[in-house]
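First the structure, in the form of structure tokens, and then the observations on it.
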Amino acid sequence: MKKFKTLDAWFSIILIFTFTIYSLVKLDYTFLVGYCVVGAWQMISMIIHAINGWFTYRKAGRYFYHFSIAVLAALTLTGLLFYPLLWAVMIVLLLAAPFMAIYYAWLCYDEVYVKMQRPMAALK
């Protein structure tokens, strides 16, 4: 678990940083490519965490994050029936997703380097 979570945290950070810099250099559609790549990686990570039950207990940050993503997914699917709702959800996702990706990367980093530390390591 620790190896995957460490890889997950650093891979998310590297993807966000790389696509941010690359998008600022290119100034073209690479922002959308990065948006999809980072989002896909984080969705895979969320599914793996949910299946294994890692840090998904009630009142955990990851639990609330997973719940908010489920609500957004439900709103998106409902928006397929009501197009004004779909447009509203897509605008919210376009603006909020970069911040959500940064929060998710921080959440992964926090779980690895704070919550998974041995009790004696916290005394240093």
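The values are calculated or read from the model by the stated rules, or taken from the named source; none is laboratory data. The model shown is predicted, which means the values in this text are computed figures rather than measured ones. FYI the Cβ positions are ideal-geometry reconstructions off the backbone, even for glycines, and counts take in every protein chain you see.
General remarks:
- Any pair with Cβ under 8 angstrom, 6 or more apart, that starts in segment 1-25 at a residue that is over 18 Å from ALA97 (Cβ atoms) and ends at one that is surrounded by fewer than 13 Cβ atoms within 10 Å (Cβ to Cβ): MET1/ASN52
- Criterion (touching a Ser or Thr at 6+ places or on another chain (Cβ under 9 Å) and modelled with pLDDT of 90 or more) met by exactly one of LEU77, LEU107, LEU72, LEU85: LEU85
- Residue count for segment 53-103 under the criterion of being polar (S, T, N, Q), in a helix (DSSP H, G or I) and either under 23 Å from ASP8 (Cα atoms) or touching a residue at least 40 places away in the same chain (Cβ under 8 Å) (or both): the result is 1.
- VAL37 fulfils the conditions (1) under 15 Å from ILE102 (Cα atoms); (2) touching a residue at least 60 places away in the same chain (Cβ under 8 Å) except for a single criterion, (2).
- Subset of segment 88-101 [among the aliphatic types (A, V, I, L, M) and in contact with a Ser or Thr (Cβ under 9 Å, 6 or more places away or on another chain)]: VAL89, MET90, LEU93, MET100, ALA101
- Enumeration of residues in segment 13-46 that are under 13 Å from TYR104 (Cβ atoms) and exposed (fewer than 12 other Cβ atoms within 10 Å of the Cβ): ALA40, ILE44
- Scanning segment 90-99 for residues that are under 15 Å from PHE19 (Cα atoms) and surrounded by 13 or more Cβ atoms within 10 Å (Cβ to Cβ) gives ALA97, PRO98.
- Test for THR6: is it over 18 Å from the mean Cα position of the chain (by Cα), surrounded by 11 or more Cβ atoms within 10 Å (Cβ to Cβ) and either acidic (Asp, Glu) or in a helix (DSSP H, G or I) (or both): no
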